[in-house]
Amino acid sequence: MALFVRTLRCFNFPNLYNHNLNRQIVFLQNVNLKFYSKKRENQYQYDLVVLGGGSGGLAAAKEASALGAKVAVLDYVTPTPIGTKWGLGGTCVNVGCIPKKLMHQGALLGESIKDAASYGWDLEPENIKNNWASLRQAVQNHIKSVNWVTRVELRDKKVEYINGLGVFKDPNTIQTITKQGERTLTAKYILIAVGGRPRYSDIPGAIEYGITSDDIFSLGREPGKTLVIGAGYIGLECAGFLKGLGFDATVMVRSVVLREFDQQMAKIITESMQERGVNFLFKCLPSSVEKLDNGKLFVRWTNNEMEQFSDTFDTVLFAIGRRALTRELHLENAGVELIGEGDKIDVVNEQTNVPHIFAVGDVLYKKPELTPVAIHAGKLLARRLFGDSTMLMNYHNVATTVFTPMEYGCVGLSEEEALEQYGADNIEVYHAYYKPTEFFVPQRSIVHCYLKVVALLEEDQKVLGLHFIGPHAGEIIQGFAAAINCNLTMSILKNTVGIHPTVAEEFTRINITKRSGKDPNPQSCCS
Amino acid sequence: MVKQHQIEGYDQFSEFMKNFANTDGEVYVYFSGSKLPSGISWCPDCIKAKPIVEEALKLAKPNSHFIVVDVGSREIWKDRNCPFRTDPKTRLLVIPTLIRWGHPQKLEGEQCEKPELVEMLFTDEE
């Protein structure tokens, strides 16, 4: 009876009435005719089956189980072309944020050791060298322990974990093959949270000899001289930490760097990486990868003027984008529709076109592909389905950080987006270059330490976007994301007292507008 | 048949692990509080976990080793500098702690009282 009541309750969200009228009607019909009766017959084995044990799927599964639902999670990793595979937890834990951040930290430590000599530490920075095998092992050990803790948590929270690829047999039935044999699971609700995987360029040798971010963090040999194809955040981060660890790194850019981000900031990040010795090949497209007798990879490419180039590399890493893993699910058996070129799923409040099938995470059309977004959406969805909640996911003003050697953190609108949405006459952009105190002693380059605030011009100047390039950008931008969600204005920001000496305080000191044409460079060290 | 070993204190543990050459099977190490003269451990959580761990151990592969390490008296364990806490190989935070040696599988404190978790530790194949 309790479940029955909950079932009714979850169809009473005000949110379901706001958005898509057609969908709303389908949904309500189903309430009356289909789900309502089926639940009473108690004909499903599970209240919720989750396809994909990554950030979003696991968060939803654990929350649903805690609310009393019977839940199963299916997770399966198809090995990469060179055979890399991993455990439960999804992209972030295994081949994404976590190993990336650790390798980024490894690279930053190399810089710190060099700085340390200036701070009086008696060492020989010129002789330091990173041991790839040790770093890889440390990173992989951490991942393995996270995999274990995840399995313990699922078991402890009574979520059934099935190591198999789940596919739809019909709208309420999932089939899978595990080591123990074939299984069929029926569920009242199904959550698609299968995420995505990197794509390879459609050129000879790409799949045979190339690797992706799925392989780099567990690569059994030193990456050596590496060509990264693609200049999105994944490509830049990989090139950045590889260079920091001592490897020659080149980024091949098709059109623009960090397409999804503020282009002025992207330009500064590019220059900052070039200053550190990362090579960039602009307006170039790869044409082939061949393996030479000595094991090295011979890469040919052309630029936009059709000039041909070639070079040899030890590693070619494709970071040209990711594909949602929806094709594998036999969605046609459930009637779930895909949209766009990326095989994505369009949702309204995580609900697909099939009312009892939901989706979160990187499979979603036009939503930020970020772990905390998936986690939050998954949790809120579970609370709406199995608890009393009506709280909806807010996909706006999500802060993020690109962990390039000089980090770039941002939240809200880019300058371009603000100009487009509000018009140049209604936007004020504050900006400043700044000098981190700790950079003076080791004489580190400060020329790329820059921040800007995009605000409305009138009245209190509501802040629309914050952008920061510098050390610890992620740590800095997080708190400001909360401020933006509290309707931060320029007058509040300017009246906030800073912490001295930090780099975060620069946001409170910012006072030069682009419109004024004044020099955004600091006047002296302590001005 | 799982081979069982009983170790008392850090010195013996350290010496045993140094000489322990295991070529086959998994090695499980179970850290708990030493027994009082009455024959039972001074650590109440260890007493609760003991039957659960012993029962689940039956599921371990027969070529496994099960090493029970009594960390010492309450006084020894509560010392912040207790070598079981500081040794990077153990870094214990709580007792009981059950570890598949050299692997990520580890259960701490109350987790050792949950049969479903302890069984998973002894049978996990990932």
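For region A:381-403, which positions are under 28 Å from A:I234 (Cα atoms) and either free of Cβ contacts under 8 Å to residues at least 12 places away in the same chain or out of contact with any Leu (no Cβ under 7 Å at 6 or more places or on another chain) (or both)? Let's see the steps before the verdict.
In the first step, residues of region A:381-403 are kept if they are under 28 Å from A:I234 (Cα atoms); the result is A:393-403.
Those that are under 28 Å from A:I234 (Cα atoms) and either free of Cβ contacts under 8 Å to residues at least 12 places away in the same chain or out of contact with any Leu (no Cβ under 7 Å at 6 or more places or on another chain) (or both): A:N394, A:Y395, A:H396, A:N397, A:A399, A:T401, A:F403.
Does B:V118 satisfy being closer than 24 Å to B:K3 by Cα, under 12 Å from the mean Cα position of the chain (by Cα), crowded, with 21+ Cβ neighbours inside 10 Å and within 14 Å of chain A (Cβ to nearest Cβ)?
Yes: the conditions hold for B:V118.
Within region A:484-495, how many residues are assigned to a loop (DSSP other than H, G, I, E, B) and either surrounded by 13 or more Cβ atoms within 10 Å (Cβ to Cβ) or touching a His at 6+ places or on another chain (Cβ under 8 Å) (or both)?
The number of residues fulfilling the criteria is 1.
Quick check, is B:P88 without any contact (Cβ under 8 Å) to a residue 24 or more places away in the chain, within 14 Å of chain A (Cβ to nearest Cβ) and over 22 Å from B:V2 (Cα atoms)?
Against the criterion (without any contact (Cβ under 8 Å) to a residue 24 or more places away in the chain, within 14 Å of chain A (Cβ to nearest Cβ) and over 22 Å from B:V2 (Cα atoms)), B:P88 qualifies.
Taking region B:16-31, which residues are within 15 Å of B:K89 (Cβ to Cβ) and surrounded by fewer than 12 Cβ atoms within 10 Å (Cβ to Cβ)?
Correct list: B:K18, B:N19.
Give region B:1-13 a look and list any residue that's over 13 Å from the mean Cα position of the chain (by Cα) and assigned to a helix (DSSP H, G or I), or say none.
Correct list: B:D11, B:Q12.
Look through region A:65-77, keep the residues that are crowded, with 20+ Cβ neighbours inside 10 Å and not β-branched (V, I, T), and return whichever of them is nearest to the other protein chains (Cβ to nearest Cβ).
Among those residues, the one meeting the criterion is A:D75.
Answer yes or no as to whether A:R183 is charged (D, E, K, R), in a strand (DSSP E or B) and surrounded by fewer than 22 Cβ atoms within 10 Å (Cβ to Cβ).
yes
Just to verify a result, which residue in region A:301-324, among those that are in contact (Cβ under 8 Å) with a residue 40 or more places away in the chain and acidic (D, E), is nearest to A:A239 (Cα to Cα)?
Within region A:301-324, the match that is nearest to A:A239 (Cα to Cα) is A:D314.
Check whether at least one residue in region B:73-82 is under 25 Å from B:S14 (Cβ atoms) and within 14 Å of chain A (Cβ to nearest Cβ), and report yes or no.
Checking region B:73-82: not a single residue is under 25 Å from B:S14 (Cβ atoms) and within 14 Å of chain A (Cβ to nearest Cβ).
Residue under question is A:Q274, and the condition is that it be touching an Asp or Glu at 6+ places or on another chain (Cβ under 7 Å) and closer than 19 Å to A:I446 by Cβ; does it hold?
So A:Q274 fails the test.
List the residue pairs whose Cβ atoms are under 6 Å apart, where the first residue sits in region B:95-115 and is within 10 Å of chain A (Cβ to nearest Cβ), the second is of a type in the set (K, R), and the two are 6 or more positions apart or on different chains.
If the second residue must be of a type in the set (K, R), the pairs left are B:P104/A:K144.
Do we find a residue being of a type in the set (S, T, N, Q), touching a helix residue (DSSP H, G or I) at 6+ places or on another chain (Cβ under 7 Å) and either surrounded by 14 or more Cβ atoms within 10 Å (Cβ to Cβ) or away from chain A (no Cβ under 14 Å) (or both) anywhere in region B:60-68?
Checking region B:60-68: not a single residue is of a type in the set (S, T, N, Q), touching a helix residue (DSSP H, G or I) at 6+ places or on another chain (Cβ under 7 Å) and either surrounded by 14 or more Cβ atoms within 10 Å (Cβ to Cβ) or away from chain A (no Cβ under 14 Å) (or both).
Could you please find all residues in region A:138-168 being touching a Leu at 6+ places or on another chain (Cβ under 8 Å), over 17 Å from A:G52 (Cβ atoms) and among the β-branched types (V, I, T)?
Scanning region A:138-168 gives A:V139, A:V152.
Starting from region A:78-94, take each residue that is on the phi > 0 side of the Ramachandran plot and more than 14 Å from every other protein chain (Cβ to nearest Cβ) and list its partners that are crowded, with 24+ Cβ neighbours inside 10 Å and in a helix (DSSP H, G or I), counting only C-beta distances under 7 angstrom and pairs at least six apart or across chains.
Sorted first by the residue in region A:78-94, then by its partner, the pairs are A:G90/A:S55.
If A:N172 passes every condition in (1) more than 14 Å from A:L74 (Cα to Cα); (2) within 14 Å of chain B (Cβ to nearest Cβ); (3) not basic (K, R) but one, which one does it miss?
(2)
Keeping to region B:69-88, report how many residues are at positive phi and surrounded by fewer than 17 Cβ atoms within 10 Å (Cβ to Cβ).
0
Residue check, A:P501 against (1) crowded, with 17+ Cβ neighbours inside 10 Å; (2) part of a loop (DSSP other than H, G, I, E, B), all met but one. Which one?
(1)
Mind counting the residues in region A:453-483 that are closer than 27 Å to A:K101 by Cβ and surrounded by fewer than 20 Cβ atoms within 10 Å (Cβ to Cβ)?
9
Output the residues belonging to region A:336-372 that are within 22 Å of A:G53 (Cβ to Cβ) and assigned to a strand (DSSP E or B).
If the condition is that a residue be within 22 Å of A:G53 (Cβ to Cβ) and assigned to a strand (DSSP E or B), then A:K344, A:I345, A:Q351, A:I357, A:F358, A:A359, A:L364 are the ones that fit.
Can you find a residue in region A:325-345 that is at negative phi, small (G, A, S) and modelled with pLDDT under 95? Spell out the reasoning first.
Quick first cut of region A:325-345, residues at negative phi only: A:325-329, A:331-334, A:336-339, A:341-342, A:344-345.
Now narrow it down to the ones that are small (G, A, S): A:334, A:342.
So of that shortlist, the ones also modelled with pLDDT under 95 come out as A:342.
Yes.
Any residue that is of a type outside the set (K, R), closer than 30 Å to B:G102 by Cβ, within 14 Å of chain B (Cβ to nearest Cβ) and within 26 Å of the chain's Cα centre (by Cα) - is there at least one of those in region A:115-137? Don't jump to the end; show me each part of the working.
Going residue by residue through region A:115-137, those that are of a type outside the set (K, R) are A:115-128, A:130-135, A:137.
Keeping just the survivors that are closer than 30 Å to B:G102 by Cβ gives A:128, A:130-135, A:137.
If we keep only those that are within 14 Å of chain B (Cβ to nearest Cβ) too, we end up with A:137.
Then drop every residue that is not within 26 Å of the chain's Cα centre (by Cα), which leaves A:137.
Checked region A:115-137: at least one residue is of a type outside the set (K, R), closer than 30 Å to B:G102 by Cβ, within 14 Å of chain B (Cβ to nearest Cβ) and within 26 Å of the chain's Cα centre (by Cα).
I'm checking my understanding of the structure. Among residues of region A:141-169 that are more than 30 Å from A:M103 (Cα to Cα) and of a type in the set (D, E), which one is nearest to the other protein chains (Cβ to nearest Cβ)?
A:D156
In the list B:A56, B:A49, which residue meets the criterion of being away from chain A (no Cβ under 14 Å), crowded, with 16+ Cβ neighbours inside 10 Å and at pLDDT 95 or above?
Of the residues listed, the single one that is away from chain A (no Cβ under 14 Å), crowded, with 16+ Cβ neighbours inside 10 Å and at pLDDT 95 or above is B:A49.
Since A:E260 meets every condition but one in (1) at pLDDT below 95; (2) under 21 Å from A:G210 (Cβ atoms); (3) not aromatic (F, W, Y), which condition does it not meet?
(2)
Which residues, counting only those in region A:266-290, are part of a helix (DSSP H, G or I) and either under 19 Å from A:A206 (Cα atoms) or not small (G, A, S) (or both)?
Scanning region A:266-290 gives A:K267, A:I268, A:I269, A:T270, A:E271, A:M273, A:Q274, A:E275.
The values are calculated or read from the model by the stated rules, or taken from the named source; none is laboratory data. Values in this document were obtained by computation on a predicted structure and should not be read as measured data. Please note: Cβ atoms are built from the backbone with ideal geometry, for glycine as well, and neighbour counts cover all protein chains shown.
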